[in-house]
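Below you'll find the structure, written out as structure tokens, and then a few comments.
Every read-out reported here was derived from the displayed coordinates using simple, explicitly stated rules and does not represent laboratory data. Given the structure is predicted, the values throughout are model-derived calculations rather than measurements. Note that we place each Cβ from the backbone using ideal geometry, even for glycine, and neighbour counts take in every protein chain shown.
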Amino acid sequence: MLRIRPGMYMGDTENCSNLILMVLDEFKRAIKNKNGKLFSKVSIVIFEDNEVEIEVDGIGLPIENRNGEPFIEKLMTTITQYEFGLTIINALSSTVKITIAKDGIEWAQKYRDGKPQLLKKIGKVDYSGTTIRFLPDIKYFPKSHYNSTQLTSRLKELSYLHKGLSIDFEDRSIRKEHFYNPNGLEDLVSGLLPESNNWKTKIPPVHIRGQIPDFKLNAIVVFAEDFSCDASFVNEQKTIDGGTHQKGLIAGIAQVLKIVSGCKKNVAIWKSVIRNGIISALSINISDPQWVGSTKDKLISKSAYINTKSLVVRNLLKLMNENEKLQYEFKKLYIDKYLMMDYTKQHDKYGLPTPQYAKEKLAELFNNPKEFDYLIDQYVEFERLHEECLKLQEIDLNKLRPPPQSPFAKGEE
């Protein structure tokens, strides 16, 4: 079936890049499932004849399973529900060679047209790791095309998702790339921040992580005043259009803000405030994810929303209770944003000047006592509430009732 309909298993057969990504996924799964650990270095080379070599360090793939049966041969020739990447590589390649250095011994096995040859013991070595070298069969890949842009983008994402993973990529000795992000998602968030020197935040990045059965969350969040940007992943798949996991992140932060501020305003209001001032990188692992369409760009799993929100509330609230300064700056930032947003709405509705507009117009209105006195009264009222916010006193945001009608409505200024 693999050779008859390869597209069913790997998608676009004109793009060999998917083969490389399948190898990495299979290596991660096999090594992690057996040992609970992952490799720290990856090297990928595409040669002139389109042959590919992928090398990873670590303890190496298992040679045999617990029953003494050949593990590698099974991995290369058998399709199971979760493990089929290397089987596809083998079936759709004219030649494959896999080399494993493990427990001081190096082993090698070749495959031709999907058929295994004898597993050989090469000799003693003082290193460990796994290397696979394969040549895509032109019968299935007549163009043997590799999309370097797609590959480098995906490899860069992997370096963010796997903290400290070093990746070297070389395409036909023309293009060389190196990816290494020692801080993982925190480095990704740093890349999302504005380049403007005028942009700044008093709150350092906050790391939120948590785990429950069949669900794991890892997020880096920067609470910002006037900038929003995000990146999200589900099972290491980038979700370009976000989805329920991102909504759960915002809802969780909004719930925490409502709790620590003691404000009775609806959570929906805080969601709106936070959504306009947050930079985040979110990664979740979930069993049986549900998507919009086949592209997997947007997650729609209800459990992702519920679990993300729950873990964010639990872990972020714990951080807030342990760090008074963080809680202070967190409340100050978003309550301040709410006050400004609410005052701006009043300005639009009643023709009142914003605080910044007030400052700019003071000189012009100085010769008109009536207008000047009204303007100052409104500005001082805002500043009074603003000061209460800064001091983190208990404030009732319902104080912001519609002000009296302006004596100089729009068009009469």
At a Förster radius of 41 Å, what calculated FRET efficiency corresponds to the Cβ-Cβ distance of N321 and D214, to the nearest 0.05? 0.90
Per the Debye formula with a single identical scatterer at each Cα and no solvent contribution, what log10 I(q)/I(0) holds for region 258-303 at q = 0.14, 0.20 Å⁻¹? -0.59, -0.87
Greater than 30 Å apart at Cα, pairs in K216/K331; K139/K298; K121/K156: K139/K298; K121/K156
Peptides 173-182, 273-282: what's the order by average Cβ count within 10 Å, highest mean first? 273-282, 173-182
Counting DSSP beta bridges with both ends in region 185-325, the antiparallel % (nearest 5): 75 percent
Say the cut-off is 31 Å between C-alpha atoms; which of K110/K163; K258/K296; K41/K296 go over it? K110/K163; K258/K296
Note on region 185-325: contact order normalised by length, alpha-carbon pairs under 8 Å, 6 or more apart, percent, works out to 33 percent
Along region 291-304, Karplus-curve 3J(HN,Hα) (6.51, -1.76, 1.60; θ = phi - 60°) to the nearest Hz, with x for Gly and Pro, reads 10, 8, x, 9, 7, 6, 8, 9, 8, 10, 5, 5, 5, 5
